[in-house]
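Enquirer: Before I ask anything, here is the structure I am working with.
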Amino acid sequence: MGNIGVSIYPAKSSFEHDKEYLDLARKYGFTRIFTSLLEIEGDTVEVITKFKRIIEYGNSIGMETILDINPGLFNQLHISYDDLGFFKELGAAGIRLDLGFTGLEEAQMTRNPYDMKIEVNMSSGTKYIENILSYHPKKENLYASHNFYPQRYTGISQSHFEETTALFNQYNLHTAAFVTSQQGKLGPWPVQTGLCTLEQHRNLNLHTQVTHYRLMETIDDVLIGNAYAAEDELKAMSEAYLSLYPSFDIELIDRISDIEKKIIVDEIHLYRGDRSEYMIRSTSPRIKYKSESIPAHHTEPIKKGDILICNNDFGQYKGEAQIALKDMENEGNRNVVGHLKQDSIFLLDYLKPWSSFTLSI
């Protein structure tokens with residue numbers, strides 16, 4: 001399991017506001033900070049001092065900062081890629097290269113005397129990473145992260161994400177991607193309608209976005225791209241990524257028995273491995289609740305995402321919990337007791353047989 005993180009934009013905010021936000025994030029288990037120093041406008045010393053103060057505060061509460069920069073900044077500050085002392089002085093744990101060099105420079109930077117992380121861009125889909133690796137970098141200092149996309153409809157597609165991420169996973173590099181808060185209004189540029197990596201995440205709640213990354217198992221660290229997420233969002237993200245098992249948000253019907261509610265909400269479900277294309281089966285409740293009565297009710301036709309419990313009319317299957325993966329007819333032996341929230345039904349496609357999960361209301 002990786003880390004979760006938040007983004008701050010010190011050039012556009014106050015130390016007090018950022019400090020308060022980092023304290024709140026830390027309370028929920030966040031350990032990474034992303035911030036952006038792509039260009040310095042105005043008084044360089046003032047800007048640098050502002051960044052240094054909040055980065056050092058983050059360090060003091062156990063939150064490490066990776067600083068997003070581009071090659072132009074090296075020129076502006078008259079520093080060289082072969083001496084990262086400036087960034088060490090700021091307190092950064094690493095730097096992210098928004099635009100890369102030729103591969104040789106990146107490799108050399110990973111061998112810096114401060115053991116700072118050098119994070120490269122994962123989203124382009126070129127042979128960039130093979131190029132860097134051909135120069136023999138210090139691999140434990142080579143990180144990678146996807147971009148975020150402030151403009152609606154420009155985030156990357158699921159297929160491009162899978163393709164580019166696989167290039168980095170095959171070399172066992174530490175990876176990161178971004179999710180977006182539905183409350184956050186602040187980013188590095190004036191225009192932004194959310195700051196996510198995957199376009200399909202733009203309007204989803206954080207729990208669903210983060211659970212998607214967790215189920216894919218290809219990204220180590222998940223970061224909120226915009227600031228400031230609300231406390232309930234930070235809490236939901238923490239639960240989605242750091243809990244023992246992935247959890248699906250569901251809605252139960254009104255007239256459900258206590259036994260049925262227990263079966264759905266109180267149990268840790270195991271996706272039975274001899275999989276069916278029609279449903280996910282969780283079979284252990286039928287043993288635990290064998291002696292309970294589960295009368296038939298709500299035996300309407302079944303839709304994808306419905307939560308089902310086998311009722312008294314189903315013999316030895318009584319008490320088994322199921323989630324529908326396809327629409328199907330109901331022969332009267334399955335009670336439809338609830339359903340996944342509409343936005344999260346797609347997550348079922350990423351759940352793997354023999355994995356455990358929980359259902360939460």
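Just so you know, all these numbers are worked out from the coordinates, no wet-lab data involved. For clarity, every value in this text was computed on a predicted model and none was experimentally measured. Cβ: placed from backbone, ideal geometry, glycine included. Neighbour counts: every protein chain shown.
Enquirer: Looking at this model, which pairs from Lys261/Lys303; Lys117/Lys235; Lys127/Lys185; Lys185/Lys341 are more than 31 angstrom apart at the alpha-carbon?
Expert: Too far apart for the 31 Å limit: Lys127/Lys185.
Enquirer: Among Asp254, Asp23, which comes first, then next, by fewest other beta-carbon atoms within 10 Å?
Expert: Exposure proxy ranking, most exposed first: Asp254, Asp23.
Enquirer: Checking the a/c ratio against 1.5 first, then a/b against b/c, what shape does the Cα gyration tensor give for the range 198-308?
Expert: prolate
Enquirer: Gap in Å between the Cα centre of the range 129-167 and the Cα centre of the range 95-125?
Expert: 12 Å
Enquirer: Could you tell me the convex hull volume per residue, in Å³, taken over the Cα atoms of the chain?
Expert: Here the figure is 143 Å³ per residue.
Enquirer: What percent do you get for the relative contact order of the chain when only Cα pairs under 8 Å and 6+ apart count?
Expert: Normalised by residue count, the contact order of the chain is 14 percent.
Enquirer: Something else: Only Lys, Arg, Asp and Glu count, each charged at its Cβ (+1, +1, -1, -1), so figure out the dipole size of the chain about its Cα centre, rounded to 20 debye. Working shown, then result.
Expert: On the way: 36 positive and 50 negative charges, 122 e Å.
Dipole size: approximately 580 debye.
Enquirer: Have a look at Thr299, Leu24, Ile250 and report the one farthest towards the positive end of the charge dipole of the chain, computed about the Cα centre with Cβ charges (Lys/Arg +1, Asp/Glu -1).
Expert: Looking along the dipole axis, the top candidate is Thr299.
Enquirer: Tell me which GluC sites (Glu not before Pro) from the range 18-55 have a DSSP coil assignment and no more than 14 other beta carbons within 10 Å of their own.
Expert: Working: sites: Glu20, Glu39, Glu41, Glu46; in loops: Glu39, Glu41.
Filter output for the range 18-55: Glu39, Glu41.
Enquirer: Arranged by the count of other C-beta atoms within 10 angstrom, fewest first, what order do Val336, Val6 take?
Expert: Working: Val336 19, Val6 30.
The order, fewest Cβ neighbours first, is Val336, Val6.
Enquirer: How much length would be gained if the chain were fully extended between Met328 and Lys303, taking 0.36 nm per residue of separation minus their Cα-Cα distance, in nm to one decimal?
Expert: 8.3 nm
Enquirer: Here is a follow-up. Using the Karplus curve 6.51 cos²θ - 1.76 cosθ + 1.60 with θ = phi - 60°, what ³J(HN,Hα) values do you get for each residue of the range 310-317, in whole Hz, with x for Gly and Pro?
Expert: 6, 9, 4, 7, 10, x, 5, 8
Enquirer: Work out the P(r) tail for the range 249-360: percent of alpha carbon pairs separated by more than 17 Å, whole number.
Expert: Tail of P(r) above 17 Å: 48 percent of Cα pairs.
Enquirer: If the cut-off is 17 Å between C-alpha atoms, which lysines fall inside it for Lys262, apart from same-chain ones fewer than 8 positions away?
Expert: Within the straight-line cut-off, Lys262 pairs with Lys288, Lys290, Lys318.
Enquirer: Modelling each spin label as a point 7 Å along the Cα-to-Cβ direction, I'd like the Gln316/Lys341 distance in nm, to one decimal.
Expert: Distance between label points: 3.9 nm.
Enquirer: Can you run phi through the Karplus equation (6.51, -1.76, 1.60; θ = phi - 60°) for the range 36-51 and list ³J(HN,Hα) in whole Hz, with x for Gly and Pro?
Expert: 10, 10, 6, 8, 10, 9, x, 6, 4, 4, 5, 5, 4, 4, 4, 5
Enquirer: From the phi angles alone, apply the Karplus equation (6.51, -1.76, 1.60; θ = phi - 60°) to the range 67-81 and give each ³J(HN,Hα) in whole Hz, x where the residue is Gly or Pro.
Expert: With the stated coefficients, the range 67-81 comes to 9, 7, 9, 10, x, x, 5, 4, 5, 4, 9, 6, 10, 10, 5 Hz.
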